[in-house]
Amino acid sequence: GKVVLVTGAGGTVGQALAQQILQGHPARLVVLDAHEASLVRLAALLETNRGGETEVQYVLADVRDRTKLDQTFRRCRAAVVFHLAAYKQVPLAESNIDQVLAVNVLGTANVLESAIAHGVSSFAFPSTDKAVHPHGVYGVTKRLVERYLSSPAITEAGLAIRVVRLVNILGSQGSVAEVFARQIE
């Protein structure tokens, strides 16, 4: 019965999560992604499976754009946010540090600050096992965000924050399992 917003909804995990959220009958599901084709694929998937019970809004936006995020939060009035938007491909992260920092760290700060400013009650952030003892850019960005989310300034904002560390997700785009399957073929 609540409004739920999912950032990075066009990715493998975002698509699966959006489908599960619909099964919980939210008042509205708002899915946000910066990749147009991913949103189109997600719309096709959700529209064939949702049964028309829940309104779904599709927002083409980049988490680096705080103005667009604030407009989205103001319009949708989300109670729950699942923040999945991130660059996750380890080899690309090492050669595109500026972009990974901008999306993973600054983008997360933008989403969180918009969530706080617009009265969101629950914020879920999937991190990675690579944040435990980071050796690369991706792990470092996730660790920085974990530290930020647990800082006193954020925890005192009255928002319930949940951080979940994930490992490689089978079947996700670019996962190590996908690479192994190609090698086996």
Notebook entry, point to check: Would you say Ala44 is within 15 Å of Ala115 (Cα to Cα), open to solvent by 10 Å² or more (accessible area, probe 1.4 Å) and either of a type in the set (A, V, I, L, M) or not in a strand (DSSP E or B) (or both)?
Noted result: no
Check: Which ones in segment 115-128 are part of a helix (DSSP H, G or I) and under 17 Å from Ser150 (Cα atoms)?
Finding: Ala115, Ile116
Notebook entry, point to check: What pairs come up if the first residue lies in segment 131-146 and is of a type in the set (Asp, Glu), the second is assigned to a helix (DSSP H, G or I), and their beta carbons are under 7 Å apart, counting only those six or more places apart or on different chains?
Noted result: Glu146/Ala131
Checklist line | Conditions (1) surrounded by fewer than 19 Cβ atoms within 10 Å (Cβ to Cβ); (2) modelled with pLDDT of 95 or more; number of the one not met by Ala9 | finding: (1)
Check: Pairs, please: C-beta under 6 Å, at least 6 apart or cross-chain, first residue under 15 Å from Ala79 (Cα atoms) and in segment 17-42, second exposed (fewer than 14 other Cβ atoms within 10 Å of the Cβ) and not hydroxyl-bearing (Ser, Thr, Tyr)?
Finding: Ala27/Gly1; Arg28/Glu55
Notebook entry, point to check: Taking the condition among the aliphatic types (A, V, I, L, M), surrounded by fewer than 16 Cβ atoms within 10 Å (Cβ to Cβ) and closer than 23 Å to Ile154 by Cα, does Leu60 pass?
Noted result: no
Note to self: If Lys88 satisfies all but one of (1) under 15 Å from Gly107 (Cβ atoms); (2) modelled with pLDDT of 95 or more, what's the number of the condition it fails?
What the structure shows: (2)
Checklist line | Which numbered condition Val137 fails, given (1) of a type in the set (A, V, I, L, M, F, W, C); (2) under 15 Å from the mean Cα position of the chain (by Cα); (3) open to solvent by 10 Å² or more (accessible area, probe 1.4 Å) | finding: (2)
Next item on the list: Taking Leu32 as meeting all but one of (1) in a strand (DSSP E or B); (2) over 14 Å from the mean Cα position of the chain (by Cα); (3) within 17 Å of Ala124 (Cβ to Cβ); (4) of a type in the set (A, V, I, L, M), write down the number of the exception.
Entry: (2)
Margin query: For the condition at pLDDT 90 or above and under 30 Å from Ile116 (Cβ atoms), what is the one hit in Glu146, Glu156?
Written below: Glu146
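The values are calculated or read from the model by the stated rules, or taken from the named source; none is laboratory data. The structure presented is a predicted model; accordingly, all values stated were derived computationally and were not measured. All Cβ positions, glycine included, derive from the backbone under ideal geometry; neighbour counts span all protein chains shown. With ligands, DNA and RNA removed, areas are computed over all heavy atoms of the protein, side chains included. Shrake-Rupley method; radii C 1.70, N 1.55, O 1.52, S 1.80 Å.
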